[in-house]
Amino acid sequence: MKISTVAAAAFALALIPTMSISASADDAASTAISSQGDQEKGKRLFNRCKACHNLTGTGRSRMGPNLDGLFGRNVGSYEGYKYSQAMTEADFVWTEEKLDAWLAAPRTFMPGNKMAFAGLRKEQDRKDLLAYLRTATVAAE
Ligand code: HEC
């Protein structure tokens with residue numbers, strides 16, 4: 001391969017991550033999934049989570065970590081909560097895309113995690129729940 005070809009290939013590869021970040025739901029700012037959801041329905045769906053999770057406004061964690069500031073938060077990072085080894089060692093930021101995959105099938109998404117929840121199979125349920133979490137995990141203005 002000629003040097004110029006190598007340089008062009010390296011340049012193209014360097015561009016790919018930037019392009020996919022601006023275009024995909026795997027960016028904490030992207031609302032590509034929650035924008036298709038219904039907050040009111042999501043609030044009702046959260047009844048399945050609230051035995052284990054508190055939201056913004058309640059500083060404490062329950063059996064699961066508090067979900068305050070969830071979008072854009074590092075996985076396994078809520079102060080003072082004792083996570084499983086799997087979640088402690090995981091290394092990514094929660095985006096709508098990641099949350100969608102996690103909530104669909106927690107055990108498949110992250111083997112070894114300790115969240116005792118089978119998953120929300122219906123895609124629309126996950127959209128609705130994410131729409132609710134978008135408002136319930138940030139302080140009201
Ligand atoms: C039976 C209790 C239980 C239920 C029900 C439950 N969770 Fe969890 N959740 C946990 C536990 C425990 C963890 C920590 C997992 C670990 O450390 O492996 C967790 C972790 C999480 C995390 C990762 C947070 C972080 O700090 O990285 C998210 C997001 C989450 N749960 C959302 C939900 C949502 C949304 C629901 C409802 C659809 C739900 N959970 C239902 C117990 C539960």
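The values are calculated or read from the model by the stated rules, or taken from the named source; none is laboratory data. Keep in mind the model is a prediction, meaning the values are calculated, not measured. As a convention, Cβ positions derive from the backbone with ideal geometry for all residues, glycine included, and neighbour counts pool all protein chains shown.
Quick check on residue 69: is it buried (at least 18 other Cβ atoms within 10 Å of the Cβ) and either more than 9 Å from the ligand (Cβ to nearest atom) or not aromatic (Phe, Trp, Tyr) (or both)?
Values: buried (at least 18 other Cβ atoms within 10 Å of the Cβ): no; either more than 9 Å from the ligand (Cβ to nearest atom) or not aromatic (Phe, Trp, Tyr) (or both): yes.
So residue 69 does not fit the description; no.
Residue by residue, here is whether (1) surrounded by fewer than 18 Cβ atoms within 10 Å (Cβ to Cβ); (2) near the ligand (Cβ under 9 Å from one of its atoms); (3) β-branched (Val, Ile, Thr); (4) modelled with pLDDT under 95 holds:
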position: 91; (1), (2), (3), (4): yes, no, no, no
position: 100; (1), (2), (3), (4): no, no, no, no
position: 103; (1), (2), (3), (4): no, yes, no, no
position: 109; (1), (2), (3), (4): yes, no, no, no
position: 112; (1), (2), (3), (4): yes, yes, no, no
position: 119; (1), (2), (3), (4): yes, yes, no, no
position: 123; (1), (2), (3), (4): yes, no, no, no
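Among residues of segment 33-55 being part of a loop (DSSP other than H, G, I, E, B) and in contact (Cβ under 8 Å) with a residue 40 or more places away in the chain, the one that is surrounded by the most Cβ atoms within 10 Å (Cβ to Cβ) is 37.
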